[in-house]
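For reference, the structure discussed in these notes is given below.
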Amino acid sequence: MRSTTWYRHIINKKCFYINCVSKNQILSDFEFVPTEKQFSESNIFKFMKKHNISSLEELSEKSKNNLEWFWQSVEKDIGIVWDSPYKKILDTSNGIAWSKWFIQGKTNIYKSSVEKFSKTNPKKIAYYFESEDGIKSKITYSELDAKVSKFANALKSLGVQKGDVIAIYLPMIQEAIISILAAAKIGAIQTVIFSGYSSESLCIRLRDCNAKFLIASDGFSRKGKHVSQKETVDIAINTTDIEKVILVSYKGVDSYVKSEKIIYLDKLLSTQNSICDTEIVDSEHPLFILYTSGTTGNPKGVIHTHGGFSVFAGHQAAYLIDTTENDVLFWPADIGWITGLVWNVYGLLMMGASAVIYDGALDFPNNHRIWKMLSDYQATIFGISPTAVRLFKKNNVEPLKLFSLDKIKNIPTTGEPLDEDSWRWLFEKVGKKKIPIMNLSGGTEIGGAMLSVFPGMKLNPSTVGIPVPGMTLDVFDDDGNSVKNQNGYLVIKSPWPGMTKSLLNNDQRYVETYWSRFDDVWFHGDYVYVDENNLWYMRGRADDVINVSGHRMSTAEIEHTVISHKKISDAASIAIPDDITGEAIVVFFVADKAFDINSESEISDYISEKIGKIAKPKYIFELTDLPKTRTGKIMRRLLKSKLLGMPLGDLSSLENPVILDEIPKLG
């Protein structure tokens, strides 16, 4: 591996360093080379300068060698408000898996976000809201604080107490943000549940977290069609401990009969005061429970706290996507996922920035919708999922021909591996080859991202950058040895403030899932690769690795190759048992509607040419779409189960179950 070096630029007699490779590597080897301005104006550069740190490499090393120094410096830099200072930064006395942060500190994440900026910048716009049918509104930090306080008083009037669980089952509307913040303000524990989930999915989560209160809407619209929540809610709460259902009047799709249990929010708020004291809680007090799917299909309840998550969310917003008080973020990520909670809610508000919240389909009424919104709201940070990128690429959308997107400075993306073709489309068709694609990788249990592109980095397609400072990542082989220049397992060797506090009601599953593979090392389950420039790349899930005659290949590598074919818009690959090779490759693909695929052999030959004959699939199937979760993740276990005639298990997180009918059963 060629060693990474760092070279100096002088600006106004101040020195800073940006990442580059050794002198024998020319800049043209990188697809993106940042300008000095892109780095020198970033939050991460200012943090480094404050601490006399000359490079990202030096920052990473110093943060790994002195975790407590780093995370204390971060919390001070982003301005966490403590009502009582913490006595100790990190406590691992019960083992690394049970780490505690900011011991005995008293705080509330609301004080470090909305409450702070409602005083320092009250007229600043916190949110712009737009519905699918074009209804728009906006709210300042001062107005947001008043509405949150009113909602908080309403919750308390119903008997909500510190530690009670409030379930939020709302589309992306103003009341969704307000209810999240109101729960935090009074020390209640929120669990946000994606508004498109089925009654079974909703019920499972309500029961697991023992929620007492549910906030839902009277329906919403998607692609011009009404979506009811009533039947889902009615069925879901039958076997739960829900005491009250608070209904938000939105699109009027559903009609409820008012009762002791059913309460309309507008009536509830009409008698409430807009002043409410913020509950001061311990740093380790739970802030929210968020569910993430397990490989078995059973959701895992991840737990995040006021102290640790405050620091980590601020860190993610400030240093990873470079959010400042002057930024306008447009990232159509639902608040039912960690991406939405980190960057559209808590991280955003801790930086005093603005966000555009859109409730609707990205391509409705046409493929121009979000690009027009980006232009209209003059967004400076644009977040998008790889699935959405492939959608627009497939439809040959060219936003720059119709809209001015000159205000955008960063383009973050996360949710699943981003293939090279999609990376290039985003880089060229949206970023004009001038804006960094800030590819991120993390998870709900991480509290955000653990790998990220940072301002000032030179980039190649699909890279997820480097480990975020303050987290000690490594690549292990099967025996737990650190490896270079080969695919391996992503592991984390130190605690971090955003680490989940076990799994709700299941300490054993927590240990078995993350801590049992290697001693005192977090096993995340991702397969990764680090190149000669120290840039990291995702290779798919560890359980998605395919072993053909002793040759290990990742599903991501195969899929990215298939997608690079000009006639293919999306693809998935799985392994099935084979009597001769041990495992065989099966590929499912979605054809680009602009082309006709002549035969399966065309794809097979293409894979053999690009990867090698060892990667030649045993079976290839064309589908009209791939089975995906509502966040766009491909559900490979369902492809395999359906193909082999195995039980499908829980389908509650599947967005398009009808697609399973297209998958044949092997004889």
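What to note about this one:
- Projecting the Cα atoms of Asn326, Pro286, Gln378 onto the dipole axis of region 283-412, where Lys and Arg carry +1 and Asp and Glu carry -1 at the beta carbon, places Gln378 farthest toward the positive end.
- Rounded if a/c under 1.5, otherwise prolate or oblate - region 571-663, Cα gyration tensor axes: oblate
- Given in Å, the Rg to one decimal and the Dmax to the nearest whole number for the Cα atoms of region 48-144 are 18.7, 54.
- Estimated purely from DSSP H runs of n ≥ 4, each contributing -39500 (n - 2.57), the mean residue ellipticity at 222 nm for the chain is -7000 deg cm²/dmol once divided by its residues.
- Cut-off under 5 Å, modelled amide H: who pairs with Asp164 long-range: Ile189
- Surface calculation, 1.4 Å probe, protein heavy atoms: Phe476 sits at approximately 20 Å² accessible.
- Potential lengthening between Asn298 and Val33 on full extension [0.36 nm per residue; Cα-Cα distance subtracted]: 91.1 nm
- Dipole magnitude of the chain, debye to nearest 20 (Cβ charges: Lys/Arg +1, Asp/Glu -1, about Cα centre): 1780 debye
- A Förster radius of 35 Å, combined with the Cβ-Cβ distance separating Glu532 from Lys138, puts the computed FRET efficiency at roughly 0.15.
- Theoretical FRET efficiency, 1/(1+(r/R0)^6), r = Cβ-Cβ of Asn65 and Val257, R0 45 Å, to 0.05: 0.10
- Residue-level accessible surface for Lys150, protein heavy atoms, 1.4 Å, Å²: 70 Å²
- In the context of the full protein assembly, Trp343 retains an accessible surface of approximately 10 Å², using a probe radius of 1.4 Å and ignoring ligands and nucleic acids.
- Taking the protein heavy atoms of the chain in the context of the full set of protein chains, the accessible area attributed to carbon and sulfur is 47 percent at 1.4 Å.
- The label-point distance for Asp579 and Ile103, in a model that sets each label 7 Å from Cα toward Cβ, rounds to 6.2 nm.
- Only one of (i) 28.7, 96; (ii) 76.5, 251; (iii) 24.3, 75 was calculated from the structure for Rg and Dmax of the Cα atoms in Å, and its label is (iii).
- Region 169-297: relative contact order as a whole-number percent, Cα under 8 Å and 6+ apart: 29 percent
- Computed over protein heavy atoms with a 1.4 angstrom probe, the accessible surface ordering of Thr624, Thr292, largest first, is Thr624, Thr292.
- Interchain or long-range residues, amide H under 5 Å from Leu170's placed H: Ile193, Ser195
- Computed magnitude of the charge dipole of region 220-336 (debye, nearest 20; Cβ of K, R +1, Cβ of D, E -1): 740 debye
- Our estimate of slack between Tyr264 and Ser516, defined as 0.36 nm per intervening residue step minus the Cα-Cα distance, is 86.0 nm.
- Two-site label geometry, Ser599 and Asp478: point separation in nm, points 7 Å out along Cα→Cβ: 3.7 nm
- For region 109-189: rounded, prolate or oblate by the Cα gyration tensor [a/c cutoff 1.5]: oblate
- Distance (nanometres) between label positions extended 7 Å along Cα→Cβ at Thr239 and Lys49: 6.0 nm
The values are calculated or read from the model by the stated rules, or taken from the named source; none is laboratory data. Since this is a predicted model, take the numbers as computed values, not measurements. Cβ sites come from the backbone with ideal geometry, for glycine too, and all protein chains shown count toward neighbours. Calculation scope for accessible area: heavy atoms of the full protein, side chains included, ligands and nucleic acids excluded. Shrake-Rupley method; radii C 1.70, N 1.55, O 1.52, S 1.80 Å.
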